[in-house]
Amino acid sequence: MQSFGFVVLMLLLLSGLTATAQTQPNWLQADLQHYLPEWELRLLGEVPNALLVVHREGMTPYQQGTLVLLPDPSQHPASPRQINFLRQAMNEHGWSTVAILPNYPVSSDSATEIDHDETLNHFQQQLQLVLTQQDWQAGHLVILAQGQSGSLLSQLDWAQLPRQPEALVFLSSYHTDPASNRQLAQRIARQTIPVLDLAHHHDHLHIASTFELRRQWSQRHANLMYRQRLLTGHAELETTQQVMYKEVYGWLSYLGL
């Protein structure tokens with residue numbers, strides 16, 4: 001199901017991660033426009049620091065709210081690894097979806113404290129820009145973060161955001177540094193916002209090493225609003241994505257969202 005065009009797009013994205021923030025939105029907008037309808041692509045903010053997002057409206061008379069999708073920095077809004085599936089499937093239930101193009105630097109090795117602070121600040125600024133848009137203020141707000149974006153999401157200062165989400169979804173979230181990865185397990189388990197924590201049997205090694213630890217920490221903190229699900233199958237398979245989507249939708253329904 002993954003076309004040659006998507007493979008080319010992924011290679012372009014990976015090579016572009018080293019590009020400057022000034023040039024990245026322009027060439028990716030042109031490239032994504034080849035695969036996605038023009039009306040789904042939006043540039044937020046001022047050039048040269050504009051943020052590229054992919055927006056789809058909810059398709060029911062009553063708008064449930066907005067699901068903000070934060071892909072892993074190695075992925076993109078049209079990636080076949082789950083984000084693209086969710087951003088379309090949730091529209092049928094009245095959710096508008098906003099998927100950002102990550103352009104914050106994340107290293108494959110453990111970063112220095114200064115680099116980490118800069119990355120976290122950049123990440124928070126991008127999320128603030130998304131949440132201040134008037135087009136998707138109605139209804140509930142849910143944020144889903146994939147991969148290393150989940151690690152950044154768990155460290156946000158919610159008081160600095162214009163809106164606080166009513167639910168969080170961590171999808172295959174991890175940190176590359178083992179010590180920081182264990183700290184991530186505690187941060188996820190201590191969230192005061194309801195959390196759905198998803199991972200796959202065939203997932204990143206850093207996830208497998210701490211996924212059970214997250215459940216144990218949530219139990220220790222008596223966090224009744226933490227739910228964990230381990231999904232079978234590979235993330236790229238449509239059957240796996242269907243199960244993942246049903247878990248997300250079922251959990252939001254359970255919360256009354």
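The values are calculated or read from the model by the stated rules, or taken from the named source; none is laboratory data. These numbers come from a predicted model, not from an experiment. Please note: Cβ atoms are built from the backbone with ideal geometry, for glycine as well, and neighbour counts cover all protein chains shown.
Scanning for something at pLDDT 75 or above and in a helix (DSSP H, G or I), does the range 21-29 turn up at least one residue?
Looking only at the range 21-29, we keep the residues that are at pLDDT 75 or above, and these are none.
The answer is no; no qualifying residue exists.
Based on this model, can you work out whether His76 counts as modelled with pLDDT under 90 and either assigned to a helix (DSSP H, G or I) or of a type outside the set (A, V, I, L, M) (or both)? Before you say what the answer is, go through the steps one by one.
Numbers: modelled with pLDDT under 90: yes; either assigned to a helix (DSSP H, G or I) or of a type outside the set (A, V, I, L, M) (or both): yes.
The answer is yes for His76.
Figure legend. Inter-residue proximity from the range 239-257: first residues surrounded by fewer than 18 Cβ atoms within 10 Å (Cβ to Cβ), second residues among the hydroxyl-bearing types (Ser, Thr, Tyr) and assigned to a loop (DSSP other than H, G, I, E, B), beta-carbon distance below 9 Å, spacing 6+ or different chains. Indicated pairs: Val243/Thr232.
Just to be sure before I move on: is Thr240 touching a helix residue (DSSP H, G or I) at 6+ places or on another chain (Cβ under 8 Å) and of a type in the set (S, T, N, Q) in the structure I sent? Here the answer is no, as Thr240 does not meet what is asked. Got a number for residues in the range 202-237 being modelled with pLDDT under 90, touching a helix residue (DSSP H, G or I) at 6+ places or on another chain (Cβ under 6 Å) and small (Gly, Ala, Ser)? Going through the range 202-237 one residue at a time, the tally reaches 1.
Scanning the range 46-60 for residues that are more than 19 Å from Gln88 (Cβ to Cβ) and out of contact with any Pro (no Cβ under 9 Å at 6 or more places or on another chain) yields a single hit, Glu46. If only residues of the range 220-238 that are surrounded by fewer than 18 Cβ atoms within 10 Å (Cβ to Cβ) and among the hydrophobic types (A, V, I, L, M, F, W, C) are counted, the one that is farthest from the chain's Cα centre (by Cα) is Ala222. The C-beta contact set for the range 183-198 (first residue in contact (Cβ under 8 Å) with a residue 60 or more places away in the chain, second residue among the small types (Gly, Ala, Ser) and not in a loop (DSSP other than H, G, I, E, B), distance under 8 angstrom, 6+ apart or interchain) comprises Pro194/Ala167. For beta carbons closer than 7 Å, sequence separation of 6+ or different chains, a first residue in the range 204-220 that is closer than 15 Å to Leu231 by Cα and a second that is hydroxyl-bearing (Ser, Thr, Tyr), the qualifying pairs are His204/Ser172; His204/Tyr174; Ile207/Ser172; Ile207/Tyr174. Taking the criterion of being under 15 Å from the mean Cα position of the chain (by Cα), hydrophobic (A, V, I, L, M, F, W, C), modelled with pLDDT of 90 or more and outside any loop (DSSP other than H, G, I, E, B), would at least one residue in the range 43-57 satisfy it? Checking the range 43-57: at least one residue is under 15 Å from the mean Cα position of the chain (by Cα), hydrophobic (A, V, I, L, M, F, W, C), modelled with pLDDT of 90 or more and outside any loop (DSSP other than H, G, I, E, B). If only residues of the range 152-182 that are free of Cβ contacts under 8 Å to residues at least 40 places away in the same chain and in contact with a Phe, Trp or Tyr (Cβ under 7 Å, 6 or more places away or on another chain) are counted, the one that is nearest to His200 (Cα to Cα) is Asn181. Go through the range 169-219 residue by residue and tally those that are buried (at least 22 other Cβ atoms within 10 Å of the Cβ) and under 30 Å from Gln134 (Cβ atoms). Residues in the range 169-219 being buried (at least 22 other Cβ atoms within 10 Å of the Cβ) and under 30 Å from Gln134 (Cβ atoms): 6 in total.
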